[in-house]
Structures are given as structure tokens and as C-alpha cells.
Amino acid sequence: MIPRSVAILSFEGPDRYSSIGGLATRVSQLARALGAAGHDVQLVFAGDPHAKPVEQTDPGVTLRRWSQWISAQHPRNAYDGEVGKVHDWEASLPPWIIDEQLVPAQARGERVLVICEEWQTANVAIAIDRLARERGLRPDLTLLWNANNTYGFDRIHWPTLTRAAAITAVSKYMKFELAQWGVHALVIPNGIDGALLSGADPERAAALRAAFGDRKTCVKVGRFDPDKNWLQAIDALADVRAGGIDARLIVRGGREPYGDVVFGRARERHLGVARLEYEGSDWRELAQRLAYCDTPVVHVRAFLEEATLFALYAAADAVLANSGKEPFGLVGLEVMAAGGVTVCGATGEEYADPFVNALVCDTADGRELATYLRALFADPVLADELRRNGAETAARYTWHNVLEALDRKIAYVDAIAK
């Protein structure tokens, strides 16, 4: 059973400073779901150095921005100054967990659940286990270490970590990745906010759809990273257009240098690129700008709030979440919930059923993706079925359902610890 007191330790979190990828979405929504279910949640993350160190936000959720003194010297994002932050967390977090969370809970006759995320917290988990044993408190602690990605696996001392904590993973794909290191893991999938199931904001979606006009429009959002198969997306667009379909791709990436490679490929394939930049987050301005962009590739360089992003997903003919290596594929589920058509890869996206609720690419070949896009564009019935079945799939992956799975996995972890 999930204890009332829960601490989640993750470099990423809800601040823009620490919202880098899917991990930020995972821990923020997991914390909110646990808080809404009546748990007392401490979300510890490398937050904005200028925000309050401790802040009560959603019901039952306390944000704790750790290592702010280091973040102030490294203003780019949560991973800026990573080495110093990792050392600070290893030294300062374990005693805080023991003294401020575990000891008071034991006095109340309660247990504590601590969930550590990613390689940066591996030694934190090891130290928490050691201190809890030294203080005679280990029976009152359920300690999980969760893998969302393979980054940093080579920095972890696996024998010590597996003795200290139960290992979990967000997908069967990640479970198999861990097995390559001789590590057994329990699979607890990510979830989505149940509120997303109401779909995208209809006014925003309609405005964006009108801005697209009659052109077939694909959207791709994510970090500029080779794992995201950006070149496949560019090649597929070029192939589709070469076949006479007036299609375009709207891109929202990061500031990673690999973006230069992506747009270099676009130029090689004779695809014009327009950069769309504006201040603020006015979705009406986004729609107006998109209506006047006529290049095959549109690079949006502006902050897109969640409601606008989901409206973009719903309005597009397809959303290219076609990663070659995706531990879970949270974006694909969000697209489904928003009412969009998901195109994904074939690694951690275990919810994807090819040509039933999504288009699934098995390769990084642009010709494969182009083949599926041409079929989608030519078949409105297929598009409608993918949207409808996708929405039904998303409903099975709400955090409410995931918490039920987490509850049962914790019951097993506690049983074998006795």
C-alpha cells in the first residue's frame, strides 16, 4: 500500500528552469496525482534559483527547490552545474529524508515512500538506505529507484544500488535495457492527467486548423537529439512533397546544437525553413503567424503553453513522435488524449497498436514514414479511427490507473523486504 508520506527526488520538476523533458512532466503529474489521492508529497527538484525554496502548490504537494545556491551560479537549466548539484544532493538530501521525513513518520506509526529518479539520485538512494539502517529505521522505509532513460547507467554502481532500493522502470523496453546491466526491475508505466481526456481547447484547435488551410500539416516537438529521428521526419516530408502533396512540418525544438544538423538536412532536401519568433505565449498570434508562413518547414521559437501545445496536436494531421529510442513515449499518449494522430517509434511506446491507434515506424528510414503519411493523408476514415482509438487508449493510462499499479508493486516490495 502506498504510504501517506511520499518524497519524490528528481532533478527535473515543474519550473521552466527544470522542465527539460518528459521527466519533468512525469514527476509533476505523479506528485499532483498522489496529492489528490490524499498523500503528503514532497517533490524535491533542482528548481528555479529565484523562486521560493519551499512552496505549497497543488493540494497535498510541497515543492522543495534543492541546491538553489548552485543553480544561482548556473542559470541555464537544472542540468547546468550538474556535477556540483549531484554532490550536494548526495551530501544534504539523505540526512534531510531521515530526520525530516522518516523520523516523524515513525513517531506517527507510519511508513515513508521515497522515489528516486534517474542516475543523479542513485548515490542518494544508497546513502538513504545506509543511514536508515544505521538509525534502525529501514523497516519504516519503502525505497524505489526509477529508470526513465539509459543516460548515466555507466556511472551507477549497480550491485550497491540494487541492495539499497527496489528498481523500477517506466516500460518493458527500459526493463530490458536494465537487464543488459544484470538488473531486474518492476515496470510501473507513466500516466497522464485525467483532465487531458476532455481533449484540446476547441477554440484554439479550430483557430490553428484554420491557419493550416488545406495544407497537410505535421507537427514535431522535442529536443534536437538524434534519438528523436529528426532526419527521418525531414526526409519523409521531402518524399511526400516530391509525390505532389503540399505538406509542411511545424517544428518546436530546443536550443541543442543538433538543430543545425536538422535544418541542414532540410536545405539539402530543398525544403525552405522559416523561423517564427515572438514574445509571450499568445496562441492567437501563433495562429496568425502560421497562416502567413508558406515554407515547407516552420521553426517555432516561442514558448508554447500546454493548452496551446495540445491544440496544436489536435489540429495537425499528424504529430511525429517518431523517436528511434524512446523509454516510454509520454508525448504519444498526450497526443492521443488531445485528439490527435500519433506517429511513434517502436521502443517504449507499448500502448501503440500500428494502424489501430497510431502509426508506428520500425526504422529510421524516411521512406517508411512517408509511406504511412501518404496512406493517412489519402484516407480520412483511417485518420478518424486513429483519433477515436487513440483517445480510448489514453483513458487507460491516467495516473489514477497507474497509482493502482504502483500500490500493488509497493505491496510486493514491502513483502519481500520482511
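What follows draws every value from the coordinates through simple rules; no lab data is involved. The model shown is predicted, which means the values in this text are computed figures rather than measured ones. Heads up, the Cβs are rebuilt from the backbone with ideal geometry, glycines too, and the neighbour counts pull from every protein chain shown.
A convex hull fitted around the alpha carbon atoms of segment 1-156 yields 105 Å³ per residue.
What's the center-to-center distance, using Cα atoms, between segment 227-305 and segment 350-379 in Å? Segment 227-305 and segment 350-379 have Cα centres separated by 20 Å.
When the Cα gyration tensor is reduced to axis lengths a ≥ b ≥ c, the ratio a/c is 1.5 or higher for segment 206-300, and with a/b not above b/c it is classed as oblate.
Each residue in ASP15, ASP384 was given a count of other beta-carbon atoms within 10 angstrom of its own, and listing them fewest first yields ASP384, ASP15. Only one residue of ALA211, VAL298, ASN229 has its Cα farthest out toward the positive end of the dipole of segment 204-309, where Lys and Arg carry +1 and Asp and Glu -1 on Cβ, and that residue is ALA211. For the peptides 303-313, 268-278, 164-174, the ranking by packing is 164-174, 303-313, 268-278, with the highest mean count of neighbouring Cβ atoms within 10 Å listed first. When each of the peptides 27-38, 403-414 is scored by the mean number of other C-beta atoms lying within 10 Å of its residues, the order from highest to lowest reads 27-38, 403-414.
Which shape class applies to segment 195-395: rounded if a/c is under 1.5, otherwise prolate when a/b exceeds b/c and oblate if not, where a ≥ b ≥ c are the square roots of the Cα gyration tensor eigenvalues? The shape class here is rounded.
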